[in-house]
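The values are calculated or read from the model by the stated rules, or taken from the named source; none is laboratory data. A quick note: this is a predicted structure, and the numbers were derived from the prediction, not measured. Note: ideal-geometry Cβ built from the backbone for every residue, glycine included; neighbour counts use all protein chains shown.
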Amino acid sequence: MLTYLIDDDFISLYLAEHVLRIEDFTTDILLFSTAETALSSLVENLAEQVPRVIFLDLNMPTMDGWGFLQALEPYVAALLGRCRIYILTSSLLPSDRARAQEYPLVSGMLHKPLDAAELPAIKALLQEAF
């Protein structure tokens, strides 16, 4: 199951990747330190293979997580039913949760660091959906 990890913090990327591998969530993981490179990869591969799940940080320089979600708007129809996004962030403000619900591709918000206990439920949802 192709998975994108998008975070400008290399330690967070390393920890999230480690948890995903140890918990046997997936072995097909692409790491991105900028939202721009992740967006470019996603758009370039839209017809071939898109990630089934994206773990997205919100607070990044240049293009933040919200900018990434807005940039995906033209592709929502092509991605719905094929890709789910989980916001992985240290900010769990109620206003962020409300804003996340405005994006149909966002399936949930997770607090950093990625908790292995949350992965079985996410994996089960992905298996049901796909």
Task: Test result for SER91, in a helix (DSSP H, G or I), of a type outside the set (A, V, I, L, M, F, W, C) and over 13 Å from the mean Cα position of the chain (by Cα) - done: no
TODO: Scan region 10-21 and give yes if some residue there is without any contact (Cβ under 8 Å) to a residue 60 or more places away in the chain and part of a loop (DSSP other than H, G, I, E, B), otherwise no.
DONE: no
Task: Neighbours by Cβ (under 7 Å, 6+ apart or cross-chain): first from region 69-98, under 25 Å from SER41 (Cβ atoms); second modelled with pLDDT of 95 or more and among the aromatic types (Phe, Trp, Tyr) - done: LEU69/TYR103; TYR86/PHE55; LEU88/PHE55
TODO: Pull up region 22-60, narrow it to residues that are hydrophobic (A, V, I, L, M, F, W, C) and assigned to a loop (DSSP other than H, G, I, E, B), then point me to the one that is nearest to GLU73 (Cα to Cα).
DONE: LEU46
TODO: Among the candidates LEU30, LEU2, LEU56, LEU15, single out the residue that is under 25 Å from ALA124 (Cα atoms) and over 12 Å from the mean Cα position of the chain (by Cα).
DONE: LEU15
TODO: Check region 85-94 and report whether any residue there is hydrophobic (A, V, I, L, M, F, W, C), buried (at least 18 other Cβ atoms within 10 Å of the Cβ), out of contact with any Lys or Arg (no Cβ under 7 Å at 6 or more places or on another chain) and at pLDDT 95 or above.
DONE: yes
Open item on the list: Consider region 99-130. How many of its residues are among the small types (Gly, Ala, Ser), touching a residue at least 12 places away in the same chain (Cβ under 8 Å) and surrounded by fewer than 17 Cβ atoms within 10 Å (Cβ to Cβ)?
Closed with: 3
Task: Top-ranked residue in region 33-53 [being farther than 22 Å from LEU119 by Cβ and among the charged types (D, E, K, R); ranked as nearest to the chain's Cα centre (by Cα)] - done: GLU36
Open item on the list: Residues to consider are PHE55, PHE68; find the one that is surrounded by 15 or more Cβ atoms within 10 Å (Cβ to Cβ), of a type in the set (Phe, Trp, Tyr), closer than 15 Å to SER12 by Cβ and touching a helix residue (DSSP H, G or I) at 6+ places or on another chain (Cβ under 9 Å).
Closed with: PHE55
